[in-house]
Amino acid sequence: MKWFLDFLTSSIGRKLVMSLTGLFLITFLPVHLAGNLQLLAGDGGEAFNIYAKFMTSNPLIKFTSYGLYTGIALHAILGLAIWAKNRSATGKSYAVKNGNGTTWASRSMAFLGTLILIFIFIHMGDFWYSMKFGGLDDKLVTYDGIKYKDLYTKVSTSFSQLWIVIVYVISMIALAFHLNHGFASAFQSLGLNHKKYTPLIKGLGTVYSIIIPLMFALIPILMMFGIDVPALNFMHN
Amino acid sequence: MAGGNGKSINIKVKVWREGGDFGSGKFETYDLADIGTDMSFLEMFDVLNEKLVSQKKTPVAFEHDCREGICGTCSMVINGQPHGPMKGTTTCQLHMRSFKDGATIVVEPFRAKSFPVIRDLVVDRSSFDAIIQAGGYISVNTGQAQDGNAVPIEKDTSEKAFDAAACIGCGACVAACPNSAAMLFTSAKVSHLATLPQGEVEAKKRALAMVTQMDKEGFGFCSNIGACEAECPKEISIENIAKMNREYLGGVFGSEKTV
């Protein structure tokens, strides 16, 4: 298996792992967004709390979530390792810096990724940790005779604080730039560069990198202002 | 000068000097008056060096050979761009008409750990030779020369191979890359040879060997930024990097080779 280890530590091997984990995380985002949009349903958090219980108790989802944590860890650790390797490969920096026609996002993937990683720690520390490790055990709500942890109130309390909303919005801007380069880059790393499909992938990447982070950012902003989106109230529609 | 516009400009050239009296390196600024705009960038350096020699100063060391844009020797970064501001052009084919009167032009060597500076603007690019020696050739016995159309190759395919073969191995891709990666150079050769029937036979083995050597030489890792493609004097496309990735993955997972 030495050949496989050699592959994983090679320049192209690491690119492949970054690409595959990146694409995996890209598929996670819309799923996470769809669930979280229930926060805006205007039903006092019923749909969201039921969803949160399902997400933390269903065995298949639990199993998938471990895959997700592994994906995040691999992408982050390898990304930082590549950043360190690249710092050691470059010589003195140029006195005159010319962007050489490249985008700021493409040159700042490690920086943007680090911001996103810090955000994930803040985000999970605030909500996921409370949900998983007993922080909400005494804050229960009852729907149809079944008890649920009231994660909704925890979230809406957080999002009533301006500084938390600002942290979320800045993080989503970082995510937008990271995805703006990362989406199309993942396909190039897999060797998928094609006259017909690459422009399509790039277009899709741009649209994706704007829409998904924007929708995520709207959740804390709208919750802070107490604006509901009744159209999202699927349970009572 | 026949065909010239007869104009001339006054410029300042801020050049990186390293080695000899200049030790670990610093910028020196030289004033040059009355530089004809029809001069090439290297001819401007010739004028500067004659001036320095007449003042009993050490001339600026820079590399040059063919001066017609095909050898890839003239390595320098001009105002932050390898081979200067003109797209798809080597330094020797860049002319002083690309600069304004009174301009300060900053000239630095190609910067990368795998391209150590020998002196002033001269860098050691033997890491590129090592990559080519690892597999940038065809070793299968192809016998006698084929009849003209015995092996049919579609025009688009031969064009694609030729576009990759246009790489002159100058190293501008490494110099431009914020990660100092050598992917564009390596992929140009991998892709050029893999596209044609003679080279295709060893394509996977070649990709494995060349990428392994490229990593050994200490180049950085590609993150698809695209500065290489933008600065390449032969406008080699990063499509070739995608092809190299495919060939390499084929070599790792689809062949019995282990480097």
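Return the total of residues in the range A:185-203 being among the small types (Gly, Ala, Ser), assigned to a helix (DSSP H, G or I) and either surrounded by fewer than 16 Cβ atoms within 10 Å (Cβ to Cβ) or within 8 Å of chain B (Cβ to nearest Cβ) (or both).
3
Does the range A:56-111 hold any residues that are of a type in the set (Gly, Ala, Ser) and assigned to a loop (DSSP other than H, G, I, E, B), and which are they?
Passing the criteria: A:91, A:93, A:95, A:99, A:101, A:108.
Can you find, within the range B:98-120, the residue that is nearest to the other protein chains (Cβ to nearest Cβ) among those that are assigned to a loop (DSSP other than H, G, I, E, B), under 18 Å from residue B:176 (Cα atoms) and not charged (D, E, K, R)?
Among residues in the range B:98-120 that are assigned to a loop (DSSP other than H, G, I, E, B), under 18 Å from residue B:176 (Cα atoms) and not charged (D, E, K, R), the one nearest to the other protein chains (Cβ to nearest Cβ) is B:112.
Looking at A:125, A:134, which is the one that is of a type in the set (Gly, Ala, Ser), surrounded by fewer than 17 Cβ atoms within 10 Å (Cβ to Cβ) and over 15 Å from the mean Cα position of the chain (by Cα)?
Result of the check over A:125, A:134: A:134.
Regarding the range B:41-61, can at least one residue be identified that is more than 16 Å from residue B:11 (Cα to Cα), part of a loop (DSSP other than H, G, I, E, B) and among the polar types (S, T, N, Q)?
yes
Would you check if residue B:175 is buried (at least 17 other Cβ atoms within 10 Å of the Cβ) and either touching a helix residue (DSSP H, G or I) at 6+ places or on another chain (Cβ under 7 Å) or more than 10 Å from chain A (Cβ to nearest Cβ) (or both)?
The answer is no for residue B:175.
Determine, yes or no, whether residue A:53 is among the basic types (Lys, Arg), in contact with a Phe, Trp or Tyr (Cβ under 8 Å, 6 or more places away or on another chain) and within 9 Å of another protein chain (Cβ to nearest Cβ).
no
All of the numbers you see were taken from the coordinates with simple rules; none came from a lab. Please read these numbers as outputs of a predicted model, since none were measured by experiment. All Cβ positions, even for glycine, are placed from backbone atoms using ideal geometry, and neighbour counts span all protein chains on display.
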